[in-house]
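What follows is a single structure, written as structure tokens, with notes after it.
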Amino acid sequence: MSQRPARRRGRGRRALLILLLLTVFGAAFLWWSNRSLQVDRFTYASPRLPAGFDGCVVVQLSDLHGALFGENNQDLIDAVRAENPDYIFLTGDLLDRYRRTPQSYAVDLGRAMAAIAPTYFVTGNHEWALPDVPGLKAQLEEAGVTVLSNQYVVLERNGDQVVLAGVDDANGYADQKTPQELYEEIQQDHPGLCTLLLAHRNNYFDRYAACGYALVLSGHAHGGLVRLPFTDGVFGSGGDLFPTWTAGVYTLGESTLYATRGLGNNTTPIPGFRMFNRPEISVLELVAQ
């Protein structure tokens, strides 16, 4: 009779040990999925690119939401520097509306990136949910970052040129210049040049493709938060299931989208934890065909 309680106690201890191991493993997996940097490399090959931009390396960072990778983001800064980029593109949501991330976070990161390579920034929806967007833009400019607010610049490399355009997020001013108006302005001023677009929202790709932009670089979707085999991300930015255009390279007509999975998580009432979807430093090599 005395052996039965002992056996039950033994089974209880084993069950408790298994539960403890599963909890530790789950916590370690969540940490790895959300805090372990991953460098992903892609290629954009197009006859629209001039020969002078063949081999040009771009690093894209997006959707940090105030995240830190190492003290003062030093691990992130070192990883970007190791790629020796020609340009760095910051495609919005460096700040987080729910964390009330201070502007200094974005400015410090922008200053560090600008010390590595020419750096360009466009706003995301979270920047517009915080006060003083003009102040943020001014501070980034002072830190050496070029802010594109429905504007464009001409980039020159090895004697050739491309246009780099950038649009403010749709949460910006109601009377802002549209992406179509910006593209028409570019075509009037620089007809025939290959045009790249920085635009935060991946789910607007069809609109940008209809304008005629050759290459669009976006974030916003966080890779769909959870990535499973045979899916293009599980959750969309609007809460929809199994969206598209969440991570990687896509084409519509003659336009290509590169959507980065980004680096951080927003803090809605239900935090958006990543699974099988590590924070991404995106490295894009341009190839002229």
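The values are calculated or read from the model by the stated rules, or taken from the named source; none is laboratory data. Every value quoted in this text rests on a predicted model; they were computed, and no experiment measured them. Methodologically, a virtual Cβ is constructed for each residue, glycine included, from the backbone with ideal geometry; neighbour enumeration extends over all protein chains shown. These accessible areas exclude ligands, DNA and RNA; they are computed on the full protein's heavy atoms, side chains included. Shrake-Rupley method; radii C 1.70, N 1.55, O 1.52, S 1.80 Å.
Summary of computed values
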| read-out | value |
| --- | --- |
| Degrees, to the nearest 10: 179-189 long Cα axis against longest axis of the chain | 30 |
| Peptides 198-207, 216-225 ordered by average Cβ neighbours within 10 Å, highest first | 216-225, 198-207 |
| Cut-off under 5 Å, modelled amide H: who pairs with Val287 long-range | Tyr44, Ala45, Ser46, Gly55 |
| Dipole in debye (nearest 20) - region 85-233, about Cα centre, beta carbon charges: Lys, Arg +1; Asp, Glu -1 | 480 |
| From phi via Karplus (6.51, -1.76, 1.60), per-residue ³J(HN,Hα) for region 214-231 in Hz, x at Gly/Pro | 6, 9, 10, 10, 9, x, 6, 7, 6, x, x, 6, 10, 10, 10, x, 6, 10 |
| Rule-of-thumb Rg ratio for region 217-259 [Cα; 2.2 N^0.38 Å; N residues] | 1.11 |
| Positive-end residue, the chain charge dipole about Cα centroid, Cβ charges, pick of Val167, Leu257, Ile18 | Ile18 |
| Compactness of region 29-100 as Cα Rg over 2.2 N^0.38 Å, two decimals | 1.34 |
| Contact order normalised by residue count of the chain, Cα under 8 Å, 6+ apart, percent | 26 |
| Per residue value of the accessible surface for the chain (all protein chains in place, 1.4 Å probe), Å² | 47 |
| Top of Gly135, Gly166, Gly110 by mean-square fluctuation, Gaussian network on the chain, Cα under 10 Å | Gly135 |
| Phi-based couplings in Hz for region 45-55 (Karplus 6.51, -1.76, 1.60; Gly and Pro marked x) | 10, 7, x, 6, 7, x, 4, x, 9, 5, x |
| Equivalent ellipsoid semi-axes, the chain, via Cα gyration tensor eigenvalues times 5, rooted, Å | 40, 20, 18 |
| Residue with peak Gaussian network fluctuation, the chain [Cα springs, cutoff 10 Å], from Pro243, Pro134, Pro229 | Pro229 |
| Of all accessible heavy-atom area on region 123-164, the percent that carbon and sulfur account for (1.4 Å) | 41 |
| Per-residue HN-Hα couplings for region 74-89 [Karplus 6.51, -1.76, 1.60; θ = phi - 60°; Hz; x = Gly/Pro] | 5, 4, 5, 4, 5, 5, 5, 4, 5, 7, 6, x, 7, 9, 10, 10 |
| Region 177-285, Rg to Rh (Cα coordinates; Rh as Kirkwood inverse mean 1/r) | 1.02 |
| Residues with amide H under 5 Å from that of Leu252, placed H, sequence gap 5 or more | Leu257 |
| Rounded to 10°, Cα long-axis angle of helix 103-114 versus longest principal axis of the chain | 60 |
| Environment charge at Pro50 (Cβ cut-off 12 Å; Lys +1, Arg +1, Asp -1, Glu -1) | -1 |
| Rg/Rg_ref, region 60-172, where Rg_ref = 2.2 N^0.38 Å and atoms are Cα | 1.04 |
